[in-house]
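To start, the structure itself, in structure tokens.
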């Protein structure tokens, strides 16, 4: 769970970085929108990821040896 | 070089021509040579190709038929021919039998294309790759199967970068799907007018009032459009400062590049997965249609309908036709009848519901020969875009060997007011043989179309029809149907 908390903290980590330069203009406003929507989406994404990981780990822990 | 090889090279040089719709990304250009498709690519794009084609996600997606099969032919004779020789590297793509455009797709087709685009991103990003754009034109349909065709769109994913194709994805996939799913409005005419897709500001005007509480509208439409408007306002202010009011120091200098927030991979994949979930749940209001009535949308008795089917199947089976167009196909009963005898069937109708029905059927069957397309037959897709050549007209993308035109002519002449002679000329100009059903003015369906109209169709008679078809075709067979109220003809092009 500690790893999960660290990963979640990393999700919120923001720092200046070089902008993407593609042949299409991603749009300044659209990039901001992806930051805002992506911020909330990342929370769900990270929780989902660690939920399934924990579930797998727990089911492995309590599985009877015969099931393995 | 032998004479044979020289002749081959000269022939290829004459044939190879750049595709008029492939010019936006300076890193590559598509070329056509007959049925073959080549792509000249830059050094940088070639480096990307060499790396991405070795990844496991790319190999798997290609094996699943989701990415077009591609081979590197750099250095081969064909790659050193004509305009292709000016490119550092050349790829050869498996040919898509017939090009279709998003404004000709049904809801289900655009939805599946959108989900494929997102699936590719979801599988590419964890392996360090992304797509540089999100054009819906990068996906084509082989039968009812969507295929990603723009290989140079793959580029390395740099940690911290945002998803640069988000805006284009919204404009070309998400908003058109929302317009249909949430408002019940067909997106085809909008996409035909706005070739780059629906702008966030327009999407907000369309969706905010009636669909603000539907999934994704507040975030991807309202918030997106407001942030775009805010950013545009700021950019305009900056432009004003730098020109009229600014001093010499600012004028003419480079606008400073903005540093963007770092986007973690979880932010990018979370956004993409969220869109995947939103789109996967979208449904067309047409799905509520009672299809039993639609499938039986003809006025034939069973015996008469079978007689019509036999007439068509016999000609399609023995004519050796490779490309069949079913014009006014409805839900595609006769397209399916002919498909076993042809390489491809293009099934065209102006009714979006019927075409989506056909698409869903073909998708479920896993069939690969029928391409369903929504086209208003009184206003067929024209040449358009840059220099009127970027997106080709329907006829500019291929020609049929055989055309089916069944129970359609009364709609064209009576409903759309197109003179019968002009319609027959158009069919003849397409270049194939023709199976056409004439629906007389005495038929119940014609009477339905005439009930609210002044009858100005005195020349809509069987005699005039036969006179007109005889000018351009040779009548090779005919049969009366429905007690003489209809007649089906097999016509050979003169």
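The values are calculated or read from the model by the stated rules, or taken from the named source; none is laboratory data. Everything numeric in this text was worked out from a predicted model, so none of it was measured. Backbone-built Cβ (ideal geometry, glycine too); neighbour counts: all protein chains shown.
Which of the residues that make up region B:186-208 are without any contact (Cβ under 8 Å) to a residue 60 or more places away in the chain and part of a loop (DSSP other than H, G, I, E, B)?
B:194, B:196, B:198, B:199
Results for (1) farther than 29 Å from residue B:264 by Cβ; (2) crowded, with 17+ Cβ neighbours inside 10 Å; (3) more than 12 Å from chain A (Cβ to nearest Cβ); (4) modelled with pLDDT under 95, shown as yes or no for each residue.
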| position | (1), (2), (3), (4) |
| --- | --- |
| B:210 | yes, no, yes, yes |
| B:220 | no, yes, no, no |
| B:229 | no, no, no, yes |
| B:236 | yes, no, no, yes |
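Of the residues B:189, B:176, which single one is surrounded by fewer than 22 Cβ atoms within 10 Å (Cβ to Cβ) and either on the phi < 0 side of the Ramachandran plot or in contact with a strand residue (DSSP E or B) (Cβ under 8 Å, 6 or more places away or on another chain) (or both)?
Criteria check complete, one pass: B:189.
It is to be established whether one or more residues within region B:10-26 are at pLDDT 90 or above, surrounded by 16 or more Cβ atoms within 10 Å (Cβ to Cβ) and within 13 Å of chain A (Cβ to nearest Cβ). Step through it out loud before you land on a result.
Step one: list which residues in region B:10-26 are at pLDDT 90 or above, which gives none.
Checked against the condition, which is being at pLDDT 90 or above, surrounded by 16 or more Cβ atoms within 10 Å (Cβ to Cβ) and within 13 Å of chain A (Cβ to nearest Cβ), region B:10-26 yields no hits at all.
Name every residue in region B:418-459 that is farther than 24 Å from residue B:492 by Cβ and outside any helix (DSSP H, G or I), in order of residue number.
B:441, B:442, B:443, B:451, B:452, B:453, B:454, B:455, B:456, B:457, B:458, B:459
Filter region A:1-52 down to the residues that are more than 7 Å from every other protein chain (Cβ to nearest Cβ), surrounded by 12 or more Cβ atoms within 10 Å (Cβ to Cβ) and at pLDDT 85 or above and list them by number.
A:40, A:43, A:47, A:48, A:49, A:50
Report the residue count in region B:446-472 for those that are surrounded by 17 or more Cβ atoms within 10 Å (Cβ to Cβ), farther than 22 Å from residue B:395 by Cα and in contact with a strand residue (DSSP E or B) (Cβ under 7 Å, 6 or more places away or on another chain).
Qualifying residue count, region B:446-472: 2.
Taking region B:366-403 as the search range and keeping residues that are without any contact (Cβ under 8 Å) to a residue 24 or more places away in the chain and either in contact with a helix residue (DSSP H, G or I) (Cβ under 7 Å, 6 or more places away or on another chain) or assigned to a helix (DSSP H, G or I) (or both), which one is nearest to residue B:140 (Cα to Cα)?
In this case the residue turns out to be B:396.
Which condition does residue B:213 not pass, out of (1) touching a helix residue (DSSP H, G or I) at 6+ places or on another chain (Cβ under 6 Å); (2) outside any helix (DSSP H, G or I), if it passes all the others?
Single failed check for residue B:213: (1).
Tell me whether region B:170-185 contains one or more residues that are assigned to a helix (DSSP H, G or I) and at the interface with chain A (Cβ under 10 Å from one of its Cβ atoms).
Yes, because at least one residue in region B:170-185 is assigned to a helix (DSSP H, G or I) and at the interface with chain A (Cβ under 10 Å from one of its Cβ atoms).
Quick check: anything in region B:77-95 part of a loop (DSSP other than H, G, I, E, B), crowded, with 19+ Cβ neighbours inside 10 Å and more than 12 Å from the chain's Cα centre (by Cα)?
Yes, the conditions are met somewhere in region B:77-95.
Of B:305, B:276, B:263, which residue is within 14 Å of chain A (Cβ to nearest Cβ), surrounded by 14 or more Cβ atoms within 10 Å (Cβ to Cβ) and at pLDDT below 95?
When all the criteria are applied, what remains is B:263.
When both residues are 6+ apart or on different chains and their Cβ atoms are under 6 Å apart, which pairs have a first residue that lies in region B:156-167 and is within 7 Å of chain A (Cβ to nearest Cβ), and a second that is surrounded by fewer than 19 Cβ atoms within 10 Å (Cβ to Cβ)?
These pairs meet every condition: B:160/A:17; B:160/B:262; B:164/A:22.
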